[in-house]
Amino acid sequence: VQLQASGGGLVQAGGSLRLSCAASGRTSSSYAMGWFRQAPGKEREFVARISRSGSHTYYTESVKGRFTISRDNVKNTVYLRMNSLKSEDTAVYYCAADGSFVSLRTSPEDYGYWGKGTQVTVSS
């Protein structure tokens, strides 16, 4: 599967963005999908994950209540809606696919497919 993330940009603190991750090659419903982010000088960190059907979602604590992951398996696209953005959300955001049937995986090493990142910059 090939993944392409888009939707990043520059936004003021408190603003919103919606990231998209389009999958091609193999239907995205074959994979659980995750969003990760990497800030300068920091390790890549887990942000959110959604199950194949979309019925289960998981978030890192710092984004709970602000970010929403969703998917449209007809369009083979996964989304990350980000509200109430903070300066600490500034990072390159990556989408990733996991072919396992494990319910929750938060380590980047567990995801076999990655898209190129999209930059999110939140100005304070």
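The values are calculated or read from the model by the stated rules, or taken from the named source; none is laboratory data. Nothing here was measured: the structure is a model prediction, and the numbers come from that model. Positions of Cβ are backbone-derived with ideal geometry, glycine not excepted, and every protein chain shown enters the neighbour counts. Areas reflect the complete protein model, heavy atoms only, side chains present, ligands, DNA and RNA absent. Shrake-Rupley method; radii C 1.70, N 1.55, O 1.52, S 1.80 Å.
Computed over the chain, relative contact order equals 36 percent, with contacts defined as Cα pairs under 8 Å that lie 6+ residues apart.
Taking K and R as +1 and D and E as -1, what net charge do the other residues with C-beta under 10 Å from the C-beta of S16 add up to? Combined, the nearby Lys, Arg, Asp and Glu give +3. The 1.4 Å probe gives accessible areas that order D89, D72, largest first, as D72, D89.
Cross-link partners of K42 among lysines, defined as those whose alpha carbon lies under 23 angstrom from its own and excluding same-chain residues fewer than eight positions apart: K64, K86, K116.
Projection of the Cα convex hull of the stretch 3-124, averaged over all directions and equal to a quarter of that hull's surface, yields 6.7 nm².
Measuring nothing but protein heavy atoms, the accessible surface of the chain at 1.4 Å probe radius is 47 percent carbon and sulfur.
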